[in-house]
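Written out below as C-alpha coordinates is the structure these notes cover.
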Amino acid sequence: TQLLEQSPQFLSIQEGENLTVYCNSSSVFSSLQWYRQEPGEGPVLLVTVVTGGEVKKLKRLTFQFGDARKDSSLHITAAQPGDTGLYLCAGVGFNKFYFGSGTKLNVKP
Amino acid sequence: NAGVTQTPKFQVLKTGQSMTLQCAQDMNHNSMYWYRQDPGMGLRLIYYSASEGTTDKGEVPNGYNVSRLNKREFSLRLESAAPSQTSVYFCASSLTGGKRAKNIQYFGAGTRLSVL
(Lines give C-alpha, C1' and ligand atoms only; values in the text may rest on other atoms or scores of the structure.)
Protein backbone atom coordinates (compact mmCIF):
# COMPACT_ATOMS: atom_id res chain seq x y z
CA THR A 1 0.00 0.00 0.00
CA GLN A 2 1.19 3.49 -0.85
CA LEU A 3 1.79 5.87 2.04
CA LEU A 4 0.78 8.74 -0.24
CA GLU A 5 -2.24 8.49 -2.54
CA GLN A 6 -2.44 10.72 -5.58
CA SER A 7 -5.52 11.50 -7.62
CA PRO A 8 -6.37 11.43 -10.36
CA GLN A 9 -4.03 8.78 -11.75
CA PHE A 10 -4.49 10.04 -15.32
CA LEU A 11 -5.61 13.39 -16.67
CA SER A 12 -6.03 14.39 -20.30
CA ILE A 13 -7.10 17.98 -20.94
CA GLN A 14 -7.06 20.65 -23.63
CA GLU A 15 -4.59 23.48 -23.67
CA GLY A 16 -5.87 26.43 -21.64
CA GLU A 17 -7.83 24.38 -19.10
CA ASN A 18 -7.18 24.43 -15.35
CA LEU A 19 -6.52 21.33 -13.28
CA THR A 20 -5.82 20.22 -9.74
CA VAL A 21 -3.88 17.17 -8.59
CA TYR A 22 -4.24 15.88 -5.03
CA CYS A 23 -1.83 14.09 -2.73
CA ASN A 24 -3.24 12.60 0.46
CA SER A 25 -1.82 10.65 3.38
CA SER A 26 -2.79 9.55 6.86
CA SER A 27 0.75 10.38 8.02
CA VAL A 28 2.23 13.72 8.98
CA PHE A 29 5.37 14.80 7.16
CA SER A 30 7.94 17.44 8.05
CA SER A 31 7.67 18.66 4.47
CA LEU A 32 6.19 17.60 1.18
CA GLN A 33 7.67 17.87 -2.28
CA TRP A 34 6.36 17.84 -5.84
CA TYR A 35 8.43 16.44 -8.69
CA ARG A 36 7.85 16.39 -12.42
CA GLN A 37 9.13 13.59 -14.61
CA GLU A 38 9.36 13.57 -18.39
CA PRO A 39 9.58 10.35 -20.44
CA GLY A 40 13.03 8.80 -20.36
CA GLU A 41 14.27 11.02 -17.55
CA GLY A 42 14.42 11.05 -13.77
CA PRO A 43 12.09 13.20 -11.65
CA VAL A 44 13.02 16.83 -11.08
CA LEU A 45 12.02 18.76 -7.98
CA LEU A 46 9.45 21.55 -8.52
CA VAL A 47 8.82 22.73 -4.97
CA THR A 48 9.06 21.90 -1.28
CA VAL A 49 6.32 22.99 1.14
CA VAL A 50 7.16 22.98 4.82
CA THR A 51 4.58 24.84 6.89
CA GLY A 52 0.97 23.71 7.36
CA GLY A 53 -1.29 25.90 5.22
CA GLU A 54 1.63 27.12 3.11
CA VAL A 55 0.95 28.19 -0.47
CA LYS A 56 3.73 28.50 -3.04
CA LYS A 57 3.45 29.73 -6.59
CA LEU A 58 5.72 28.84 -9.48
CA LYS A 59 4.46 30.77 -12.53
CA ARG A 60 1.17 29.01 -13.44
CA LEU A 61 1.61 26.30 -10.78
CA THR A 62 0.21 26.75 -7.27
CA PHE A 63 1.15 24.33 -4.51
CA GLN A 64 -0.63 24.08 -1.18
CA PHE A 65 0.26 22.14 1.97
CA GLY A 66 -2.65 21.10 4.18
CA ASP A 67 -3.01 22.63 7.63
CA ALA A 68 -2.33 19.25 9.27
CA ARG A 69 0.70 18.59 6.97
CA LYS A 70 -0.85 15.36 5.69
CA ASP A 71 -2.01 16.42 2.24
CA SER A 72 -1.12 18.72 -0.60
CA SER A 73 -2.47 19.93 -3.91
CA LEU A 74 -1.01 21.15 -7.17
CA HIS A 75 -3.11 23.50 -9.27
CA ILE A 76 -2.13 24.41 -12.83
CA THR A 77 -3.75 27.42 -14.46
CA ALA A 78 -4.14 27.57 -18.24
CA ALA A 79 -2.28 24.33 -18.89
CA GLN A 80 0.10 24.17 -21.84
CA PRO A 81 1.43 21.17 -23.81
CA GLY A 82 4.79 21.73 -22.12
CA ASP A 83 3.16 20.82 -18.79
CA THR A 84 2.70 17.24 -20.02
CA GLY A 85 4.46 14.75 -17.77
CA LEU A 86 4.21 12.63 -14.64
CA TYR A 87 3.70 14.57 -11.43
CA LEU A 88 4.85 12.93 -8.21
CA CYS A 89 4.38 14.04 -4.64
CA ALA A 90 6.84 12.92 -1.97
CA GLY A 91 6.67 13.11 1.81
CA VAL A 92 10.00 13.82 3.47
CA GLY A 93 10.98 11.71 6.46
CA PHE A 94 14.28 11.25 8.27
CA ASN A 95 16.75 10.42 5.48
CA LYS A 96 13.91 8.95 3.39
CA PHE A 97 11.36 10.09 0.85
CA TYR A 98 7.95 8.48 0.38
CA PHE A 99 6.55 8.85 -3.12
CA GLY A 100 2.97 8.81 -4.29
CA SER A 101 1.83 6.73 -7.25
CA GLY A 102 1.91 9.72 -9.60
CA THR A 103 -0.49 11.62 -11.86
CA LYS A 104 0.10 11.33 -15.58
CA LEU A 105 -0.92 14.59 -17.25
CA ASN A 106 -1.42 15.00 -20.99
CA VAL A 107 -2.17 18.48 -22.29
CA LYS A 108 -3.44 18.44 -25.85
CA PRO A 109 -2.80 21.44 -28.14
CA ASN B 1 27.74 19.30 -14.36
CA ALA B 2 27.31 15.52 -14.30
CA GLY B 3 25.08 15.25 -11.19
CA VAL B 4 23.97 11.61 -10.85
CA THR B 5 25.26 9.17 -13.45
CA GLN B 6 23.76 5.70 -13.93
CA THR B 7 25.07 2.87 -16.07
CA PRO B 8 23.96 1.06 -18.10
CA LYS B 9 20.96 2.87 -19.62
CA PHE B 10 19.41 -0.33 -20.97
CA GLN B 11 19.87 -3.99 -20.14
CA VAL B 12 18.20 -7.26 -21.11
CA LEU B 13 18.80 -10.29 -18.90
CA LYS B 14 17.68 -13.88 -18.91
CA THR B 15 16.06 -15.31 -15.79
CA GLY B 16 18.75 -16.34 -13.33
CA GLN B 17 21.49 -14.06 -14.65
CA SER B 18 23.16 -11.54 -12.38
CA MET B 19 24.15 -7.95 -12.95
CA THR B 20 25.18 -4.79 -11.14
CA LEU B 21 23.73 -1.36 -11.77
CA GLN B 22 26.22 1.42 -11.15
CA CYS B 23 25.52 4.89 -9.77
CA ALA B 24 27.87 7.78 -9.04
CA GLN B 25 27.25 11.35 -7.86
CA ASP B 26 29.62 14.30 -7.87
CA MET B 27 27.70 16.63 -5.53
CA ASN B 28 29.30 15.45 -2.27
CA HIS B 29 25.92 14.21 -1.01
CA ASN B 30 25.81 11.95 2.02
CA SER B 31 22.61 10.05 1.13
CA MET B 32 22.03 7.85 -1.88
CA TYR B 33 19.00 5.83 -2.93
CA TRP B 34 17.86 3.12 -5.32
CA TYR B 35 14.24 3.11 -6.53
CA ARG B 36 12.28 1.06 -9.00
CA GLN B 37 9.45 2.55 -11.02
CA ASP B 38 6.62 0.45 -12.40
CA PRO B 39 3.49 1.69 -14.20
CA GLY B 40 0.95 3.08 -11.73
CA MET B 41 3.25 2.49 -8.75
CA GLY B 42 5.25 5.68 -8.58
CA LEU B 43 8.74 5.22 -7.13
CA ARG B 44 9.35 2.47 -4.60
CA LEU B 45 12.48 2.54 -2.46
CA ILE B 46 14.67 -0.56 -2.69
CA TYR B 47 17.63 0.43 -0.53
CA TYR B 48 19.19 3.62 0.71
CA SER B 49 22.44 4.72 2.28
CA ALA B 50 22.47 7.67 4.66
CA SER B 51 26.25 7.82 4.77
CA GLU B 52 29.34 6.05 3.51
CA GLY B 53 29.52 2.59 5.03
CA THR B 54 25.83 2.29 5.94
CA THR B 55 22.92 0.81 4.02
CA ASP B 56 19.28 0.20 4.95
CA LYS B 57 16.37 -1.64 3.43
CA GLY B 58 13.55 0.25 1.84
CA GLU B 59 10.08 -0.86 0.86
CA VAL B 60 11.01 -3.59 -1.68
CA PRO B 61 14.51 -4.97 -0.91
CA ASN B 62 13.96 -8.68 -1.68
CA GLY B 63 16.10 -9.95 -4.54
CA TYR B 64 18.55 -7.04 -4.36
CA ASN B 65 21.82 -6.19 -2.65
CA VAL B 66 23.65 -2.87 -2.47
CA SER B 67 27.14 -1.59 -1.82
CA ARG B 68 28.11 1.93 -0.82
CA LEU B 69 31.61 1.71 -2.20
CA ASN B 70 32.58 5.23 -1.15
CA LYS B 71 30.82 8.57 -0.78
CA ARG B 72 30.38 8.92 -4.55
CA GLU B 73 29.25 5.45 -5.57
CA PHE B 74 26.26 3.26 -4.70
CA SER B 75 25.69 0.06 -6.66
CA LEU B 76 22.66 -2.23 -6.89
CA ARG B 77 23.11 -5.94 -7.57
CA LEU B 78 20.62 -8.50 -8.81
CA GLU B 79 22.06 -11.91 -7.93
CA SER B 80 19.50 -14.01 -9.80
CA ALA B 81 17.24 -11.91 -11.97
CA ALA B 82 13.52 -12.70 -12.19
CA PRO B 83 10.87 -11.41 -14.63
CA SER B 84 9.25 -9.55 -11.69
CA GLN B 85 12.36 -7.37 -11.57
CA THR B 86 11.64 -5.96 -15.02
CA SER B 87 11.39 -2.26 -14.28
CA VAL B 88 13.03 1.14 -14.60
CA TYR B 89 15.61 1.69 -11.88
CA PHE B 90 16.54 5.14 -10.63
CA CYS B 91 19.42 6.18 -8.45
CA ALA B 92 19.19 9.42 -6.48
CA SER B 93 21.32 11.40 -4.07
CA SER B 94 20.56 14.04 -1.47
CA LEU B 95 22.12 16.12 1.26
CA THR B 96 20.20 15.05 4.35
CA GLY B 97 20.49 15.52 8.10
CA GLY B 98 22.35 18.28 9.86
CA LYS B 99 22.18 22.04 9.47
CA ARG B 100 23.18 22.00 5.81
CA ALA B 101 20.48 19.50 4.78
CA LYS B 102 18.37 20.54 1.85
CA ASN B 103 16.44 17.28 1.37
CA ILE B 104 16.38 17.74 -2.40
CA GLN B 105 16.77 14.54 -4.35
CA TYR B 106 18.68 14.55 -7.61
CA PHE B 107 17.95 11.64 -9.89
CA GLY B 108 19.88 9.86 -12.59
CA ALA B 109 18.34 9.20 -15.99
CA GLY B 110 17.41 5.62 -15.11
CA THR B 111 18.26 2.08 -16.19
CA ARG B 112 15.64 0.23 -18.17
CA LEU B 113 15.90 -3.46 -17.30
CA SER B 114 14.05 -6.32 -18.94
CA VAL B 115 14.27 -9.84 -17.54
CA LEU B 116 13.09 -12.53 -19.95
Residue ID - farthest from the other protein chains (Cβ to nearest Cβ), chosen from residues in region B:32-79 that are over 16 Å from A:PHE99 (Cα atoms) and β-branched (Val, Ile, Thr): B:VAL66
Which residues, taken from region A:53-109, are over 21 Å from A:GLN14 (Cβ atoms) and of a type in the set (A, V, I, L, M, F, W, C)? A:VAL55, A:LEU58, A:PHE63, A:PHE65, A:ALA68, A:LEU88, A:CYS89, A:ALA90, A:VAL92, A:PHE94, A:PHE97, A:PHE99
Over region A:41-65, the set of residues free of Cβ contacts under 8 Å to residues at least 12 places away in the same chain and exposed (fewer than 13 other Cβ atoms within 10 Å of the Cβ) is A:VAL55, A:LYS57, A:LYS59
Would you point out which residue out of B:THR54, B:THR5 is open to solvent by 50 Å² or more (accessible area, probe 1.4 Å), part of a loop (DSSP other than H, G, I, E, B) and touching a residue at least 12 places away in the same chain (Cβ under 8 Å)? B:THR54
Which residues, counting only those in region A:74-84, are buried (at least 18 other Cβ atoms within 10 Å of the Cβ) and within 11 Å of the chain's Cα centre (by Cα)? A:LEU74, A:ILE76
Of the conditions (1) on the phi < 0 side of the Ramachandran plot; (2) within 14 Å of chain A (Cβ to nearest Cβ); (3) not in a strand (DSSP E or B), B:ARG112 fails just one. Which one is it? (3)
Only residues that are more than 14 Å from the chain's Cα centre (by Cα) and open to solvent by 30 Å² or more (accessible area, probe 1.4 Å): list them for region B:8-29, please. B:PHE10, B:GLN11, B:VAL12, B:LYS14, B:THR15, B:GLY16, B:GLN17, B:SER18, B:ASP26, B:MET27, B:ASN28
Would it be correct to say that A:ALA68 is in contact (Cβ under 8 Å) with a residue 40 or more places away in the chain, of a type in the set (Gly, Ala, Ser), open to solvent by 10 Å² or more (accessible area, probe 1.4 Å) and out of contact with any Ser or Thr (no Cβ under 8 Å at 6 or more places or on another chain)? yes
Per the filter on region B:65-86, residues open to solvent by 10 Å² or more (accessible area, probe 1.4 Å) and either of a type in the set (D, E, K, R) or assigned to a strand (DSSP E or B) (or both) are B:ASN65, B:VAL66, B:SER67, B:ARG68, B:LYS71, B:ARG72, B:GLU73, B:SER75, B:ARG77, B:GLU79
Within region A:6-39, restricting to residues that are open to solvent by 50 Å² or more (accessible area, probe 1.4 Å) and within 10 Å of chain B (Cβ to nearest Cβ), the one that is farthest from B:MET41 (Cα to Cα) is A:SER30
Need a quick list: strands (runs of 3 or more DSSP E) entirely within region A:1-95 having at least 1 residues that are modelled with pLDDT under 95, in contact with a Gly (Cβ under 6 Å, 6 or more places away or on another chain) and of a type in the set (Val, Ile, Thr). none
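The values are calculated or read from the model by the stated rules, or taken from the named source; none is laboratory data. Since the model is a prediction, treat every value here as computed from it, not as a measurement. Positions of Cβ are generated from backbone atoms using ideal geometry, with glycine treated the same way; all protein chains shown enter the neighbour counts. Ligands, DNA and RNA are excluded from the accessible area calculation, which covers all protein heavy atoms including side chains. Shrake-Rupley method; radii C 1.70, N 1.55, O 1.52, S 1.80 Å.
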